[in-house]
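Engineer: Provided herewith is a single structure, encoded as structure tokens, for subsequent inquiry.
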Amino acid sequence: MEFHEGQSLWFVQSNYWNLSEESKNGREVVVEKLGRKWITLSNSYRIDINTLQADGKGYSSPGQCYLSHHEFMNHIKKQKLWNKLKNLIQHQYACPEHLTVEALQDITDTLGKQ
């Protein structure tokens, strides 16, 4: 991904569970400076140019950036669906009868891709 000064990103704080409802969805920040490894943001944090994770300066990361609010919401949706899938599988003692061999093959093929 190519970044440029003035570009908007979406920043979500790591202490998500301690935030007010309004802050949980994050906030827009602006790229102020580009380096080889770090991007400096308008909220005074710097993020890793590859992972978009904020620098904790020796401590845990204070947050994560996403390319947009939409991307962040997709991340949340994906995590919720993954947790639902794990819970469904965890409580099954045998393969559900309605799943076909083809469906199971598709699922295992998809999960096996890296």
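Engineer: Find the residue count for the range 1-35, including only residues that are over 20 Å from ASN74 (Cβ atoms) and at pLDDT 95 or above.
Structural biologist: Matching residues across the range 1-35 total 9.
Engineer: Moving on. Any residue at all in the range 59-70 that is touching a helix residue (DSSP H, G or I) at 6+ places or on another chain (Cβ under 6 Å) and either in contact (Cβ under 8 Å) with a residue 40 or more places away in the chain or assigned to a helix (DSSP H, G or I) (or both)?
Structural biologist: Looking for residues that are touching a helix residue (DSSP H, G or I) at 6+ places or on another chain (Cβ under 6 Å) and either in contact (Cβ under 8 Å) with a residue 40 or more places away in the chain or assigned to a helix (DSSP H, G or I) (or both), one finds at least one in the range 59-70, hence yes.
Engineer: For the range 93-107, enumerate the residues that are loosely packed, with under 10 Cβ neighbours inside 10 Å and either in contact with a strand residue (DSSP E or B) (Cβ under 6 Å, 6 or more places away or on another chain) or not hydrophobic (A, V, I, L, M, F, W, C) (or both).
Structural biologist: Selection gives TYR93, GLU97, HIS98, THR100, GLU102.
The values are calculated or read from the model by the stated rules, or taken from the named source; none is laboratory data. Because the structure is predicted, anything quoted here is derived from the model rather than measured. No Cβ is skipped: glycine too gets one built from the backbone with ideal geometry, and neighbour counts run over all protein chains shown.
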